[in-house]
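First up is the structure itself, then whatever we jot down about it.
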Amino acid sequence: MNNLIRVACMAVAVGASCAHAGPAEDALARTADLQKTVQAQQDRIAHIESEMQNQNVISLLNQVEALKGEVARLRGFQEEQAYQMDVAEKRVKDLFVDLDTRLNQVKEMASHNASPTDAVHLQTAQSLSTVPVATADSDTELKVYGAAQALVKEGKYKEAVQALQAFLNQYPSGTLAPNAVYWMGFSQVNLGDFPNAANSYKKLIDDYPNSPKAPDAMLSLARARIQTNDMASARATLEQLIAKYSVSKAAAAGKKLLATLN
């Protein structure tokens, strides 16, 4: 009888122990699940933060490239203004030289007792015979080019490309032809037409290697090739820029850009 009582008590104790162990195991399981959930959330937060940092870096790089493009544009406009000032100064000097020559001719005619009518006729004939045709062409070329460049300044890039192409068709060997090709490429970049922009920059480099615009064109060509994912050609172009125009500002910028590609 006593043995039966002891067995019954042990069964009750075991049952009670099992009853108490169930909730504890559930709590441990829930804690483990919570830990897994927290860890997953932390991993997700870390991933999101990483993506945000990458996006910020990309955004900053895009802003830097945009600023570089704006600096190049402003530098180009300064060069254009300097060129136009040089042309204007040369015209003024030519006018003064021409005026001085005519006055000396009138004085010489007067010293030989020529009549005023003869002096006037001589001066008129000489002025007509010495009108430089190239100057008239240069004036027209400058006006046509200025109209096309104004479209670039106004951000009307599609119209600018058409106007610059028309200018190049009219003045393929003009002094402003390299500049027109450069700004055509610049306008095409702003239109997102990177393949044609690359063609324009390459034309400038091939056809006008001695142009002051050649180093900037080579740097812009590399950037356009990066946009078309032609990394091998972009690297080759930058290496050529650094070797050929080592002392230029474009070469210094090219070194930095090349370092990001390696």
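Every read-out reported here was derived from the displayed coordinates using simple, explicitly stated rules and does not represent laboratory data. These figures come from a predicted structure and were not determined experimentally.
Which pairs break 22 Å Cα to Cα here: LYS213/LYS244; LYS153/LYS256; LYS158/LYS256; LYS156/LYS255; LYS153/LYS244; LYS158/LYS249? Among LYS213/LYS244; LYS153/LYS256; LYS158/LYS256; LYS156/LYS255; LYS153/LYS244; LYS158/LYS249, the Cα-Cα distance tops 22 Å for LYS153/LYS256; LYS158/LYS256; LYS156/LYS255; LYS153/LYS244; LYS158/LYS249. For region 136-262, averaging the sequence separation of C-alpha pairs within contact (under 8 Å, six or more residues apart) and dividing by the residue count gives a relative contact order of 16 percent. The alpha carbon gyration tensor of region 195-262 gives principal lengths a ≥ b ≥ c with a/c of 1.5 or higher and a/b no greater than b/c, which makes the shape oblate.
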